[in-house]
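FYI, it's all coordinate maths here, none of it is from the lab. Predicted model only: the values in this text are computed from it and were never measured. All Cβ positions, even for glycine, are placed from backbone atoms using ideal geometry, and neighbour counts span all protein chains on display.
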């Protein structure tokens, strides 16, 4: 078995976009007809699954794809100012030095991700950036990655910060490392049963190595 491809989620996993995204969603509240989120409401949402957040939101399900697109467009204006999660740059370089191939799978715009990678001098570190709009369908994105790049589930390990990342990896039959520094809380991530759950980017290399050994 060759070294696996580490497939990273972007927002909240690599890039520290959480506060920026909340601010953008609040700016779009009037346009899409929902009340702005208070800090207390945001904290409550962090303890909910992606499905529960959609069910409890006051946005029409028909408006959600348009809201997501508008939010991504707003993100593009501020992307040059977005910073990496503290410790992630060192963790990514350490994984690359170990011989792992790195890739990104995101529901953000590819252009936004590439702006970030260029500004952080990370653009040569990733084999690919694959992007697409999705609410719950990240398993379909994983399938598309396999078809597009000629990889199999045996080639992949997924890293993400949300319950939907765990669910997509489970549905796709690939191991998943969940990180607690992004959107969802440790408690809700644990309920969704990731293969590894870590609290600091410095733990990423050991988590990946352990999952790799388990698959050999």
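Overview of values
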read-out	value
Within the stretch 136-172, backbone nitrogen closer than 15 Å to the virtual label 7 Å beyond the Cα of residue 86 toward Cβ	none
Rounded tilt (10° steps) of 64-78 against the dominant C-alpha axis of the chain	80
Residue 215-residue 73 pseudo-label distance in nm [points 7 Å out on the Cα-to-Cβ vector]	3.8
Most mobile of 25, 37, 204 in a GNM of the chain (Cα contacts under 10 Å)	37
The chain: angle of helix 204-215 to the longest principal axis, Cα-based, in degrees nearest 10	60
Cα gyration tensor shape of the stretch 15-129, rounded if a/c is under 1.5, else prolate or oblate by comparing a/b with b/c	prolate
Fraction of antiparallel bridges per DSSP, the chain only, in percent to nearest 5	5
Cβ-based exposure ranking for 138, 213, 72, 63, in which fewest neighbours within 10 Å come first	213, 63, 72, 138
Among 172-178, 124-130, the order from most to least packed when residues are scored by Cβ within 10 Å on average	172-178, 124-130
Listed residues 20, 79, 141, most fluctuating in the chain (Gaussian network, C-alpha, under 10 Å)	20
Expected 222 nm ellipticity per residue - DSSP helices of 4 or more, -39500 (n - 2.57), all of the chain, to 500	-14000 deg cm²/dmol
Calculated FRET efficiency for the pair residue 149/residue 59, C-beta based, R₀ 30 Å, to 0.05	0.35
Added length on full extension, which subtracts the Cα-Cα distance from 0.36 nm per residue, residue 38 to residue 199	55.4 nm
For the stretch 18-81: rounded, prolate or oblate by the Cα gyration tensor [a/c cutoff 1.5]	oblate
Potential extension, residue 97-residue 180 segment - 0.36 nm per residue separation minus Cα distance	27.5 nm
Candidates 199, 147, 161, ranked by Gaussian network fluctuation over the chain, Cα under 10 Å, top entry	147
With Cα atoms, 0 to 90° folded angle of helix 110-119 axis to the chain main axis	70
